[in-house]
Amino acid sequence: LAKTTQPISMDSYEGQEVNITCSHNNIATNDYITWYQQFPSQGPRFIIQGYKTKVTNEVASLFIPADRKSSTLSLPRVSLSDTAVYYCLVGDEVSGAQKLVFGQGTRLTINP
Amino acid sequence: DAGVIQSPRHEVTEMGQEVTLRCKPISGHDYLFWYRQTMMRGLELLIYFNNNVPIDDSGMPEDRFSAKMPNASFSTLKIQPSEPRDSAVYFCASTGTGESYEQYFGPGTRLTVT
């Protein structure tokens, strides 16, 4: 499974847009990019998944450049409740889809 | 659906005692996973099942750990004997074939071994 690198922590303020970038230089052709969110004292929760270009859902957007060596999770107009750890994962549906490998994640803190 | 159910939510035990953690996956899901989370090691996959059969247990730390899935709606993770270094939050997750990476996690069991 491709290794991912993301910032250990980030700070922002309510109402701002937050972008968290993940580096995955060794991503394979069949690999998908997935992001999870974990609140304190809870299990991780799936946010979004993509393969290339841009994916958007009701929670976030995921931007993936053409070379796919990085991806950016974008959270629009964050609130205090978006304070959490965000994990970027990479893997393919055949061998990796059922075996998530979590890195250390990015601890996002939203301030008033 | 109530989501993935885990019990107990908290467990405090003494070193050397047997500990059994329980999980009920979401109905219809055919994959079940056990993870462990600590500050030092982060979130680690211990073992996962497909259709009640263990597929990959390479993450199980040692022989003191064992997991079973006797039927589609129940799984256990047992530690015997427990040690202080087993203190962690243990998560169970489930997903269905074709749902790719969207695993549904339970609330976790916080285990403290004194």
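The values are calculated or read from the model by the stated rules, or taken from the named source; none is laboratory data. It should be emphasised that the depicted structure is a prediction, and the values quoted were computed from it without experimental measurement. Note that each Cβ is placed from the backbone with ideal geometry, even for glycine, and that neighbours are counted across all protein chains shown. Areas reflect the complete protein model, heavy atoms only, side chains present, ligands, DNA and RNA absent. Shrake-Rupley method; radii C 1.70, N 1.55, O 1.52, S 1.80 Å.
Quick notes
- The residue among B:Thr95, B:Met39, B:Ile55 whose Cα reaches farthest toward the positive pole of the charge dipole of chain B, with charges on the beta-carbon of Lys, Arg, Asp and Glu, is B:Met39.
- Amide hydrogen neighbours beyond the local backbone of A:Thr83, cut-off 5 Å, H modeled: A:Ile110
- Rounded to the nearest 20 debye, dipole of the protein assembly as shown from Cβ charges on Lys, Arg, Asp, Glu: 160
- Principal axis dimensions, largest first and in whole angstrom, of chain B by Cα: 41, 27, 27
- Along chain A, the longest continuous region that contains none of the trypsin sites (Lys or Arg not before Pro) in a DSSP loop with at most 12 other C-beta atoms within 10 Å is A:4-76.
- Listed values for region A:12-23 are Karplus-derived 3J(HN,Hα) couplings in whole Hz (6.51 cos²θ - 1.76 cosθ + 1.60, θ = phi - 60°), namely 8, 10, 3, x, 7, 8, 10, 10, 10, 9, 10, 9, and x replaces Gly and Pro.
- Ratio Rg/Rh, restricted to region B:1-67 and using Cα atoms, in which Rh is the Kirkwood radius: 0.97
- Label-to-label distance, nm, for residues given as A:Arg107 and A:Ser41 (7 Å Cα→Cβ offset): 1.8
- Region A:26-69-region B:96-114 distance, computed between alpha-carbon centres (Å): 19
- Among the listed pairs A:Lys3/A:Lys52; A:Lys3/B:Lys68; A:Lys52/A:Lys99; A:Lys99/B:Lys68; A:Lys69/A:Lys99; A:Lys3/A:Lys54, those beyond 27 Å (Cα-Cα): A:Lys3/B:Lys68
- Simple spin-label estimate for A:Lys3 and A:Phe63 gives 2.7 nm between the two label positions (7 Å along the Cα-to-Cβ direction from each Cα).
- A Förster distance of 25 Å, applied to the separation of the beta-carbon atoms of B:Ser27 and A:Asn30, puts the FRET efficiency at 0.25.
- Spin-label pair B:Gln17/B:Arg41, simplified geometry with 7 Å Cα→Cβ offset, distance in nm: 2.2
- Under Karplus coefficients 6.51, -1.76 and 1.60, residue-wise ³J(HN,Hα) of region B:33-41 in Hz, glycine/proline x: 10, 10, 10, 10, 10, 10, 5, 6, 10
- With every protein chain in place, region B:38-114: carbon and sulfur % of accessible area (1.4 Å): 52
- Per residue of A:100-112, other chain Cβ atoms within 10 Å of the residue Cβ number 2 on average.
- The orientation-averaged projection of the convex hull spanning the C-alpha atoms of region A:18-112 amounts to 6.2 square nanometres.
- Shape parameters for the protein assembly as shown, alpha-carbon atoms, Rg then Dmax in Å: 17.9, 54
- Computing FRET efficiency as 1/(1 + (r/R0)^6) for A:Gln16 and B:Phe74, where r is the C-beta to C-beta distance and R0 is 35 Å, gives about 0.20.
- Magnitude of the charge dipole, chain A, Cβ model with Lys/Arg +1 and Asp/Glu -1, debye to 20: 200
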